[in-house]
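The block underneath contains the structure these notes are about, expressed in structure tokens.
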Amino acid sequence: MTEAEAGAGTPAPGAEIRALLSSLDGQRRHVLGILEGLDDEALRLPVLPSGWSCLGLVRHLALDVERFWFRAVFAGDEAEIAALDETGDAWQVPSGADAAEVLDLYRTQTRLADAVVTAATAGAPLAWWPHEQFGAPHLHTLRDVVLHVITETACHAGHLDAARELLDGRRWLVLT
């Protein structure tokens with residue numbers, strides 16, 4: 001599905017979907033917001049022992065989270081399912097990839113995911129599941145998937161908070 005196709009003829013989402021997407025959008029903004037002002041070198045620098053970089057985590061969110069859960073698992077998009085094998089380790093940013101390209105990839109994947117979500121109802125079933133990789137599905141509806149993605153995105157936003165604080169001391173939100 002192209003970006004142009006993603007928004008064409010989509011009915012207005014129901015209240016539950018709007019509420020879920022609002023929560024997810026807040027987490028997505030957090031992911032991008034905590035990285036504002038970091039240069040390319042800082043975005044690529046692993047600061048935790050596991051070795052991932054902020055840019056690698058954003059690429060993971062774009063490909064392994066937004067694309068995988070919404071366009072492959074929920075929508076069953078055959079082209080996206082086939083592309084999963086071509087991605088490799090989404091946590092690794094290709095050496096020639098520009099940081100802005102990776103951030104734009106995330107923004108694009110979130111827009112495409114939103115188009116899939118807003119075209120469906122919260123109780124709609126999943127279209128595809130990789131049994132050979134994950135066994136029996138533990139999520140069954142769009143609602144389950146959106147809640148899972150909210151949780152995963154929030155968790156990774158917290159990881160980015162820690163990484164950013166280690167990089168330059170900046171913190172996202174501190175309530176005193």
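The values are calculated or read from the model by the stated rules, or taken from the named source; none is laboratory data. If you're wondering where the values come from, they're calculated on a predicted model, not measured in any experiment. Glycine also receives a Cβ, built like all others from the backbone with ideal geometry; neighbour counts cover every protein chain displayed. The protein model used for the area step is the full one, side chains on, heavy atoms only, and it has no ligands, DNA or RNA in it. Shrake-Rupley method; radii C 1.70, N 1.55, O 1.52, S 1.80 Å.
Structural remarks
- Taken together, the residues in region 131-151 that are surrounded by 14 or more Cβ atoms within 10 Å (Cβ to Cβ) and in a helix (DSSP H, G or I) amount to 9.
- Of the residues making up region 69-99, those that are acidic (Asp, Glu) and within 18 Å of ALA113 (Cα to Cα) number 3.
- Checking GLY96 against (1) within 24 Å of VAL31 (Cβ to Cβ); (2) out of contact with any Asp or Glu (no Cβ under 6 Å at 6 or more places or on another chain); (3) surrounded by 14 or more Cβ atoms within 10 Å (Cβ to Cβ), the condition it does not meet: (3)
The rows are residues; the columns are (1) out of contact with any His (no Cβ under 9 Å at 6 or more places or on another chain); (2) within 24 Å of ILE34 (Cα to Cα); (3) part of a helix (DSSP H, G or I); (4) open to solvent by 60 Å² or more (accessible area, probe 1.4 Å).
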| site | (1), (2), (3), (4) |
| --- | --- |
| VAL47 | yes, yes, no, no |
| ASP64 | yes, yes, yes, no |
| LEU105 | yes, yes, yes, no |
| VAL116 | yes, no, yes, no |
| TRP129 | yes, no, no, no |
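- Complete set of residues in region 75-96 that are touching a helix residue (DSSP H, G or I) at 6+ places or on another chain (Cβ under 8 Å) and within 23 Å of LEU32 (Cβ to Cβ): GLU80, THR87, ALA90, TRP91, GLN92, VAL93
- Residue match in region 17-28 (condition: farther than 30 Å from ARG164 by Cα, open to solvent by less than 70 Å² (accessible area, probe 1.4 Å) and assigned to a helix (DSSP H, G or I)): yes
- Filter result for PRO11 (within 29 Å of PRO137 (Cα to Cα), modelled with pLDDT under 95 and open to solvent by 20 Å² or more (accessible area, probe 1.4 Å)): yes
- Summed over region 118-127, the residues that are open to solvent by less than 70 Å² (accessible area, probe 1.4 Å) and more than 11 Å from TRP69 (Cα to Cα) give a count of 6.
- Among the candidates ARG111, ARG59, the residue that is in contact (Cβ under 8 Å) with a residue 40 or more places away in the chain, of a type in the set (D, E, K, R) and surrounded by 17 or more Cβ atoms within 10 Å (Cβ to Cβ) is uniquely ARG59.
- Pairs meeting the criteria (first residue in region 77-89 and under 13 Å from ASP64 (Cα atoms), second residue of a type in the set (Gly, Ala, Ser), beta carbons under 6 Å, at least 6 apart or on different chains) are GLU80/ALA72; ILE81/ALA72.
- Residue check for ALA72: open to solvent by less than 30 Å² (accessible area, probe 1.4 Å), of a type in the set (A, V, I, L, M), in contact (Cβ under 8 Å) with a residue 12 or more places away in the chain and not in a helix (DSSP H, G or I): no
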